[in-house]
1. Can you find a residue that is over 17 Å from the mean Cα position of the chain (by Cα) and outside any helix (DSSP H, G or I) anywhere in the range A:136-145?
2. Can you pull out the residues in the range A:146-168 that are β-branched (Val, Ile, Thr), within 15 Å of the chain's Cα centre (by Cα) and either within 16 Å of DNA strand C (Cβ to nearest atom) or assigned to a loop (DSSP other than H, G, I, E, B) (or both)?
3. I'd like to verify a number: residues in the range A:16-49 that are near DNA strand C (Cβ under 10 Å from one of its atoms) and either of a type in the set (S, T, N, Q) or out of contact with any helix residue (DSSP H, G or I) (no Cβ under 9 Å at 6 or more places or on another chain) (or both), how many?
4. Take the conditions near DNA strand B (Cβ under 9 Å from one of its atoms), under 19 Å from A:Val27 (Cα atoms) and either more than 13 Å from the chain's Cα centre (by Cα) or of a type outside the set (Lys, Arg) (or both) and apply them to A:Val79. Does it pass?
5. Take A:Pro51 and tell me if it is farther than 20 Å from A:Arg137 by Cβ, surrounded by 22 or more Cβ atoms within 10 Å (Cβ to Cβ) and in contact with a strand residue (DSSP E or B) (Cβ under 8 Å, 6 or more places away or on another chain).
6. Here are A:Arg131, A:Arg155: which of them is among the basic types (Lys, Arg) and either modelled with pLDDT under 95 or away from DNA strand B (no atom under 15 Å from the Cβ) (or both)?
7. Output the residue which, of all residues in the range A:25-60 that are in a loop (DSSP other than H, G, I, E, B) and among the small types (Gly, Ala, Ser), is farthest from DNA strand B (Cβ to nearest atom).
8. Working only within the range A:54-77, note down all residues that are within 7 Å of DNA strand C (Cβ to nearest atom) and surrounded by 13 or more Cβ atoms within 10 Å (Cβ to Cβ).
Amino acid sequence: MVARALLGKVLVHGRRAGRIVETEAYVGTHDLACHAARGRTRRNALLWGPPGRAYVYFIYGMHWCFNAVTSKEGVASAVLVRGLEPLAGLPPGTRLDGPALLCRGLGITGAQNGLDLVHSSLRILDAPALRRGSVARGPRIGVDYAGEWAAAPLRFWVVGSSGVSRGSGRQPRSVR
DNA sequence: CTATTGATGGTC
DNA sequence: ACCATCAATAGG
């Protein structure tokens, strides 16, 4: 699954970069938590497009969220990047532990919607896959309305990373 | 046209 | 636990 595979890779925007430590998969029109479930609109049309592009959307009147489109053309699935560890080009102490925080931190907005994640200034760099033991999975965040799909274990994160969101996410973060 | 609602984060 | 703040929907 692509969401799992993206952990450990590096998201770059211009000079700024972070290591992906938390992702969620949204797996098609049948996934009630996926934006594609309510049909194709101007906002979510990119989900049906070719893979490897950015899907950036605005939510709650103030936040941007970044996704990578993962499926072949005609199939609507994507991976929401929820948390990064700062790597480069960022002020000391920048926190990227949340989908909206990381967009703010890297300067990602609707202006980047649709960009090619291989060839543009917004790109994802490959990295070796992580060891099995360092990755955990669980239910996605903020999708309680999605019935059966709310409980699906489609969220992946790097255990113990400071870049994993805490909003509603759970992990032992005070292991002394 | 108006009303509702989020794949959130910061503050109270 | 509540609020900020708005685009995309649903409904009239």
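The values are calculated or read from the model by the stated rules, or taken from the named source; none is laboratory data. Keep in mind it's a predicted model, so treat the numbers as computed, not measured. Quick reminder, even Gly has a Cβ in these numbers, built from the backbone with ideal geometry, and neighbours come from all protein chains shown.
1. Going residue by residue through the range A:136-145, those that are over 17 Å from the mean Cα position of the chain (by Cα) are A:144-145.
Adding the requirement that they be outside any helix (DSSP H, G or I) leaves none.
No, the range A:136-145 contains no residue that is over 17 Å from the mean Cα position of the chain (by Cα) and outside any helix (DSSP H, G or I).
2. So in the range A:146-168, the residues β-branched (Val, Ile, Thr) come out as A:158-159, A:164.
The next check asks that each one be within 15 Å of the chain's Cα centre (by Cα); those that pass are A:158, A:164.
A:Val164, the sole residue that qualifies.
3. The number of residues fulfilling the criteria is 6.
4. Details: near DNA strand B (Cβ under 9 Å from one of its atoms): yes; under 19 Å from A:Val27 (Cα atoms): yes; either more than 13 Å from the chain's Cα centre (by Cα) or of a type outside the set (Lys, Arg) (or both): yes.
So A:Val79 passes the test.
5. Details: farther than 20 Å from A:Arg137 by Cβ: yes; surrounded by 22 or more Cβ atoms within 10 Å (Cβ to Cβ): no; in contact with a strand residue (DSSP E or B) (Cβ under 8 Å, 6 or more places away or on another chain): yes.
Answer is no for this residue.
6. On the way: A:Arg155 fails: either modelled with pLDDT under 95 or away from DNA strand B (no atom under 15 Å from the Cβ) (or both).
After ruling out the rest, the residue left standing is A:Arg131.
7. Keep residues of the range A:25-60 that are in a loop (DSSP other than H, G, I, E, B), which gives A:27-34, A:39-44, A:49-52, A:60.
Filter once more, keeping what is among the small types (Gly, Ala, Ser): A:28, A:33, A:39, A:49, A:52.
Values: A:Gly28: 10, A:Ala33: 6, A:Gly39: 13, A:Gly49: 13, A:Gly52: 15 Å.
Filtering first and then ranking leaves A:Gly52.
8. Answer for the range A:54-77, where residues must be within 7 Å of DNA strand C (Cβ to nearest atom) and surrounded by 13 or more Cβ atoms within 10 Å (Cβ to Cβ): just A:Phe58.
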